[in-house]
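Below is one structure; the comments refer to it alone.
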Amino acid sequence: MVGVRCSFKLLYAIVVLILLHMNNPCIGCSERERQALLALKQGLVADYGDPFPSWGREAQNKDCCEWDGVHCSNQTGHVVKLELHGVQGKISPKLIELQHLEYLDLSGNNFSRSQIPDFIGIRAI
């Protein structure tokens, strides 16, 4: 009887852990979105150096949902919002790979010598 009770408690603990993990998934961005963001970073510069130091290829910077200015969906892990401030340069056409992007904030930037890609529908808020 004691063995059955211990087995039941162990099974109960495992089920609880699985349910907790399902309610709080750790979903990171896809490799495709990560590569698109890294391509975007390559074309941008700032007066003060690297505009996005948290964006990187290193293992500790692999999840682009943790990068500054990048916001991902809690349900899917897709990049849904980008806030890019204080930069200049060229916007990479790879930005189109962020197919779930709903909000792009390019305020406070200097793109006077480059053309914003046609696929970005500019609208003032």
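Annotations
- Once the chain from L104 to Y48 is taken as fully extended at 0.36 nm per residue, the excess over their C-alpha distance is 17.9 nm.
- In terms of accessible area, using a 1.4 Å probe and ignoring ligands and nucleic acids, K62, K81 rank largest first as K62, K81.
- Sites Q88 and E31, calculated FRET efficiency, Cβ-Cβ separation with R0 41 Å, nearest 0.05: 0.90
- Accessible area of E31 (1.4 Å probe, protein heavy atoms only, ligands and nucleic acids ignored): about 90 Å².
- The shape of segment 25-82 comes out prolate: with a ≥ b ≥ c from the C-alpha gyration tensor, a/c is at least 1.5 and a/b beats b/c.
- Measuring with a 1.4 angstrom probe and ignoring ligands and nucleic acids, D68 comes out at about 100 Å² accessible.
- Segment 74-124, relative contact order in percent, only Cα pairs under 8 angstrom and at least six apart counted: 44 percent
- Computed over the Cα atoms of segment 45-125, the ratio of the radius of gyration to the Kirkwood radius (Rg/Rh) comes to 0.95.
- Net length gained if the chain between K62 and K81 were fully extended (0.36 nm per residue, minus Cα distance): 5.1 nm
The values are calculated or read from the model by the stated rules, or taken from the named source; none is laboratory data. Note that this is a predicted model, so its numbers are computed, not measured. Using ideal geometry, Cβ is built from the backbone for each residue, glycine included, and neighbour counts are taken over all protein chains shown. Quick note on the areas: whole protein, heavy atoms, side chains included, nothing else; ligands and nucleic acids left out. Shrake-Rupley method; radii C 1.70, N 1.55, O 1.52, S 1.80 Å.
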